[in-house]
Amino acid sequence: MVFRVFLFVFITLLTLPRQLWAQGFFQAFGFPKTAVATGHTEVAGSVHMALRFGTVGADTLVIDVSPLRVTNANASDIRITTSGNLTTGAVTIESAEGRVRVPVNAGGTSGSIRVDGIRVSLTSAGSTSVSARVSWASNQNILDSPASVVVVDRIISGLAVDAVTDHFGVFNSVVFDSASTIVMREGFAAAFVSSSEFGQNTPARIRIRVTDFPTGLRMRFPASVTSNETAATLTTVEGAAVVLPRSDGNTEVTYDFNAAANSSDVLESFNITFTVSTQGVVANLQPTIELSLAPIGAAEPSTAMPSTSVPRFAEESLRALEGTSYIITKTVYWTGIDSVFQNRLFLFNPSSRVANLILTGFAADGEAASVRQTLPANQSSEQSLTEIFGTRAMNLKTIRVQSPVTELLALGTVSGTGLQESTALQDRGLSNFVIPSFGEVGLVHIFNPNSVGVSGTITLRTPTGAIAATKDLVVGPMASVSSTTQDLFGMQATGQIAGSFVAPVVAVVSFGAAETLNIISAQAPVGLPALFVPFFATGAGYETDLTLINTSNLTVTLDAQLVDAQGVVVTGTRRLITMPPSEQLVTSISELFGLRSFRSGYVRILAPQIARAFWTFYPAITGHVRIRTGESGSTAIPLSRYPYPDSFLLGSGVPSGGFQGIALVNPNNSDVNVTLRALSSTGTTLETTTVSLAAGQIFSRLTNELFGISIPERSVIRVTGTAPVVATSITGSLTADVLRSVSSLK
C-alpha cells in the first residue's frame, strides 16, 4: 500500500508542468517584538522565509506593512541574512506605501532569508499588533503558508512614570523641603536603546518638561543618574547639571540613555532627584512635570517637525506631578438627553497615549456630577449613563467629556422600543445657529456651557426666511432648556429654527413620529466648494428628505447633481437651485430629481465661488438629509462637508437581528484605494479589507460582505484612504423599521 502511494505521488510530480520545478516553495515566519506605541521609527520583528523545496526563480520578495509607513532613512539599514545557497540583491523601500522589496536571485535550492531592521511608525497603528503581508512580486516562487505574519505582538508605552510622592516644599518664598524625586522606568525591557543598529543615530532620550513654572523658583537637575537595576545611566545632553528655567526661559531638560551590557534583558528604572531654591518672591503656582520619550518628531520629517533622529517619537507627556493646570485639550458635549430612553456613551481614543478623562453630567438646573475614567491608547468603551453615573443619571440632561487627548472621539446613542439614533458629541458652542425643522413633533435643546447665565432669542422662520415666531430665553450657567416647538412658538411648522445668544451655547433638535427619532445638532456655517449627500435611498418604500439653508447674506445658485455608482452624473438630473439669503429648501430626493423607481447613491452639491475685490470665497450652506421608511424608521444625516483621508466609524457592528452597511464616496478627480479595518474595543484588528474607488464613485456594502465575517457590536471601523473620502454607516433592523446613521469622525 505504501509503495502504491509513493508511486502515485512520483507519477503526479512527473506530470506537473515543467515551470513548477523552477519555482521555490517558501514558508513565511514572523518573529514578533514589543514596540513603543509613540515610536515613529520602531524596529519591527524579523520576517523569515524558509525554502521548503524546489529551485528558486528570480523574483522580488515584497513585505507590506501598510497602512503603516516604513521610516528607515536608508534601505541599507535593513539587514538581510541568508543561509544555504540563497542570494539576494539590494533592498529598496517604498516608505509611504509601507513596502520593502528584496530581490531574490534565481537558482537557490536550500536555505532561508531573514529580514531584520524594518522601521515603522506606530502612532497611527490603531491596534495592539502589526502584521506584515508577504508576497512574490512576479509569482515566480510560491508561498506555501499564510501570507501574513505578526511582526509586532504588543504596542505599548515605552515609558512609565510614577506620581511624585516625595514633594519639595516652598511656603511664602521660603524652602522647607528642597528635594523631590521623579521615579520613571521603561515600559518594557529594552524600550530604551542606545546602539547603532538599523540606522540608529541617537540614543533614546527622556525629556522632562516643567510647565506652570512659578517665577522666583529654581530647579536643579543632576548631570547623571544610574539605573536601579543595572549600570545603565541617564546623562543630560549637556553633560552637566541643568538649572531651570534656563537663561532663555526654557524649562526643559533632556537625558541621553546609555545602555549597560545587560540592558536588553532587564526592565530598568531611574530615580531622578532634583533640588529647588528660590530667587526672590515665588509666584503662587504648582509646577506640572511631564516626561516623554525623545527626540520628538514625526514619521515623515517636515518644517514643523524637522527631526531626522532615529529613534524619534510622538510626544506623550506622562505626568509625574500634576500642577495648577491639568491641561484639558478637548471638550465635547451631548445635550438633549432624556432618561425615558436608553442612553449610551461611546468613547474612542485613537491616540498613542492614555486619555485621562473627566466625564461630567449636568441636570437641567446645572447641578453637576463628575467621574474620572482612563481610556487606554487605541481602545474604545461604550457605557450606559447609569453605568457611568449610577442613579444620578436619571436627572441628567447634558454630558460633558473633557480630555487631554485631542484625538478623542465620542458618540451618543439613544434607543427605545422600535427606535434608535446616534449623534456625534459637539466640540464647540455657537452664539448664532440655524437648525432645520421638519414640522413634526420635536424638542429644542439648548445647553449653556458657560460659568455665567446667557440670554438669547430663538426664531422660527418659514422656508422663505420670513419670521413666524420668536422666543426670548435665559439659560443659567451649566443649565439647559428643553421645550417642544409647540410650547416655544405656539405651532409646529416646517422651516428653520435660528438662535442668537450673547455667548456660545450647544443646540440640538430631536424630532420624529411616534416610532421614530431623529437628532440634528447645530453646525457652524462654513463656506465650501462642495457638499455631499453621502447616501440616499428612494422608491420601494424608501424616501430621503433633503433640507438646505442658505445662511449667507447672498443669493446663491447651487448645482445639485445625482451621481450613479460609477461616479457619473445621471443624465437629465442636474438641478440648479437658486436660494436668496436665509431661504431654505425642503424637498425629497425623488421630487428634486424626478425619480419614479428605486434608486440609491449620493448627491453632489456644488456652491459657486464668489469674488469681492481681491478675495474669493464660497457661501455658507448648511443641510441635512433624512432617510425614512414610511412612518416606522428614519435617520438624519448631516451633509458631509469634510472628506477625510483617515477617519473612524464609531459604534460599528452588526446588531442582533439587524444589519450594518457602509457607504464610501470618492469626491476626488482620481482613483482612491480605501482600507477598512474593524477594531475591537481593545484595539485588536478583527479584519481588514481594501476597496478601490474610481473618481467620483460611491461604494456601498453590508459589513458582512465587506469583511467576510460578522463584525461584533461596539466595534470601531477605521477608514484610511490614499486621498480623502466620505464614509457613512447605516445600521438597522432587517425590516428597516429601525435605522441609525453615523458619519465618520476625525
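Coordinate-derived values only; no laboratory data. Because the structure is predicted, anything quoted here is derived from the model rather than measured. A quick note on method: Cβ atoms are made from the backbone with ideal geometry, for glycine too, and the neighbour counts reach across all protein chains shown.
Brief remarks follow.
- For region 441-446, Karplus couplings with θ = phi - 60° (6.51, -1.76, 1.60), whole Hz, Gly/Pro x: 4, x, 10, 9, 10, 10
- In the frame of its principal axes, region 525-641 has Cα extents of 50, 29, 20 Å, reported largest first.
- Relative contact order of the chain, defined on C-alpha pairs under 8 angstrom at six or more residues apart (%): 9 percent
- For region 644-743, averaging the sequence separation of C-alpha pairs within contact (under 8 Å, six or more residues apart) and dividing by the residue count gives a relative contact order of 44 percent.
- Alpha-carbon centroids, region 329-373 and region 192-215: separation in whole Å: 35 Å
- In nm, spacing of pseudo-spin labels at Thr484 and Leu554 (7 Å Cα→C-beta vector): 4.2 nm
- Residue exposure sequence - Met491, Met478, Met305 - by fewest surrounding Cβ within 10 Å: Met491, Met305, Met478
- Positive contributions from Lys and Arg (+1) and negative ones from Asp and Glu (-1), summed over other residues with Cβ under 14 Å from the Cβ of Ala694, come out at -2.
- The antiparallel fraction among DSSP beta bridges confined to the chain stands at about 95%.
- Exposure proxy ranking, count of Cβ atoms within 10 Å, fewest first, for His48, His167: His167, His48
- Rounded to 0.05, the FRET efficiency of the Ser178 and Thr329 pair, given R0 = 41 Å and the Cβ-Cβ distance, is 0.80.
- Cβ-based exposure ranking for Tyr542, Tyr642, Tyr333, in which fewest neighbours within 10 Å come first: Tyr642, Tyr542, Tyr333
- Gap separating the Cα centres of region 471-487 and region 411-438, nearest whole Å: 16 Å
- Built amide H within the under 5 Å cut-off of Ser46, gap 5+: Phe31
- Between Asp338 and Arg714, the FRET efficiency estimated from the beta carbon spacing at R0 = 25 angstrom works out to 0.65.
- A Cβ-based charge dipole, computed about the Cα centre of the chain with Lys and Arg at +1 and Asp and Glu at -1, lands at about 1000 debye.
- A crude spin-label estimate for the pair Val266 and Ala189, with each label 7 Å from Cα along the Cβ direction, gives 1.1 nm.
- Kirkwood-type radius of region 22-156, with distances r between different C-alpha atoms, in Å: 14.7 Å
- If only the Cβ of Lys and Arg carry +1 and only the Cβ of Asp and Glu carry -1, the dipole of region 525-641 around its Cα centre is close to 200 debye.
- Added length on full extension, which subtracts the Cα-Cα distance from 0.36 nm per residue, Asn85 to Asp248: 52.6 nm
- Positive end of the dipole of the chain (Cβ unit charges, origin at the Cα centre): among Pro525, Val506, Leu408, the Cα lying farthest that way belongs to Pro525.
- Rounded to the nearest Hz, the phi-derived 3J(HN,Hα) couplings of region 114-122 under the Karplus curve 6.51 cos²θ - 1.76 cosθ + 1.60 (θ = phi - 60°) are 10, 10, 10, x, 6, 9, 9, 9, 9, where x marks glycine and proline.
- Based on DSSP H segments of at least four residues, each scored -39500 (n - 2.57), the chain has a per-residue ellipticity at 222 nm of -1000 deg cm²/dmol.
- Within region 644-743: Cβ-based charge dipole about Cα centre, in debye rounded to nearest 20 (Lys, Arg +1; Asp, Glu -1): 120 debye
- Dipole of the chain computed with +1 at Lys/Arg Cβ and -1 at Asp/Glu Cβ about the Cα centre; of Pro222, Ser66, Leu693, farthest Cα towards the positive end is Leu693.
- Separation between Cα centres of region 88-159 and region 534-609, rounded to whole Å: 47 Å
- In order through region 447-454: 3J(HN,Hα) via Karplus (6.51 cos²θ - 1.76 cosθ + 1.60), integer Hz, x for Gly, Pro: 10, 9, x, 8, 7, 10, x, 10
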